[in-house]
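Colleague: Just dropping this structure here.
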Amino acid sequence: MWLIKNFIVILYSLLVAILSILIYPFDYRNKLSNPLMKVWTNIVLFIYGIKVNVTGADNIDPAKGKIYISNHASYMDIFVQLAKLPDNVRMIYKKEINRVPVLGWAMYCAGFVALNRDKVREAMKSLDKASERVRQGLSVVIYPEGTRTPDGKVGEFKKGMFFLADKSKADIIPVSLQGTYEIMPLGSVKVKPGVVNMVIGKPIQYRKDKELLNEIRETVIKNLKN
């Protein structure tokens, strides 16, 4: 059954990707692609039998761009947050995905930001582009662990996220995801039905303080236990 679900999701996602490419010339500041992303990801969650409980949605001001800082436990984190964050959000992704036909093109057209982690100068240019989009009202989700957790625990947060926060002057909102690791852990291609709890914390104003990174990480961990 899960193989059939995966096939349906892949086929459906391919159709959405093609549509995203087609509307790109008319999508001023990614306004059209936002409802498309919401419909796509909500249907994917429905197909896999995933229910999401959201706490703290009232902490979000949709009128301005923000930086969401989240733990990263599964590929399903992306679907959950695109679907359930009440905001126009995009992710920063590895530039290598641009080489994937259709998918890479669609992500670029929909306003996702490609990051070359091997070349610092190119990475800075990408973050400059992301900060400009945040100032224009688009929000960005960052996974500061850099990769998915191998054991379900929250890893070390890397400080590279601060470049985007400093450039955009946007509020930082900690987001905690609980349940996605159990649904699809690292190395698995099978998505299990289940319940995900997403806790949206209160906005934190960016400041040049070496303790800020630990504060954000501790908030994410604390909200996982609530």
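Colleague: Could you list all residues from the stretch 197-222 that are crowded, with 17+ Cβ neighbours inside 10 Å, out of contact with any helix residue (DSSP H, G or I) (no Cβ under 8 Å at 6 or more places or on another chain) and touching a residue at least 60 places away in the same chain (Cβ under 8 Å)?
Modeller: Result: Asn197, Ile216, Arg217, Val220.
Colleague: I've got another one for you. Collect the residues in the stretch 55-85 that are without any contact (Cβ under 8 Å) to a residue 12 or more places away in the chain and among the aromatic types (Phe, Trp, Tyr), keeping them in residue-number order.
Modeller: Selection gives nothing.
Colleague: Just give me the residues in the stretch 96-146 being surrounded by 18 or more Cβ atoms within 10 Å (Cβ to Cβ) and of a type in the set (Lys, Arg), in sequence order.
Modeller: Across the stretch 96-146, the qualifying residue is only Arg133.
Colleague: Here is a further query. Would you mind stating whether Ile50 is surrounded by 19 or more Cβ atoms within 10 Å (Cβ to Cβ), out of contact with any Ser or Thr (no Cβ under 6 Å at 6 or more places or on another chain), farther than 17 Å from Ser139 by Cα and of a type in the set (Val, Ile, Thr)?
Modeller: Details: surrounded by 19 or more Cβ atoms within 10 Å (Cβ to Cβ): yes; out of contact with any Ser or Thr (no Cβ under 6 Å at 6 or more places or on another chain): yes; farther than 17 Å from Ser139 by Cα: yes; of a type in the set (Val, Ile, Thr): yes.
Yes: the conditions hold for Ile50.
Colleague: Also: Do we have any residue at all in the stretch 152-173 that's at pLDDT 90 or above and in a strand (DSSP E or B)?
Modeller: Yes: one or more hits.
Colleague: Another question, then. Looking at the stretch 57-81, which of its residues are over 19 Å from Glu182 (Cα atoms) and among the aliphatic types (A, V, I, L, M)?
Modeller: Ala57, Ile60, Ala63, Ile67, Ile69
Colleague: Right, something else. Sort out which residues of the stretch 174-226 are among the charged types (D, E, K, R), in a loop (DSSP other than H, G, I, E, B) and under 16 Å from Phe79 (Cβ atoms), and write them in order of number.
Modeller: Selection gives Lys190, Lys192.
The values are calculated or read from the model by the stated rules, or taken from the named source; none is laboratory data. This structure is a prediction, so every number in the text was calculated from the model and none was measured. A quick note on method: Cβ atoms are made from the backbone with ideal geometry, for glycine too, and the neighbour counts reach across all protein chains shown.
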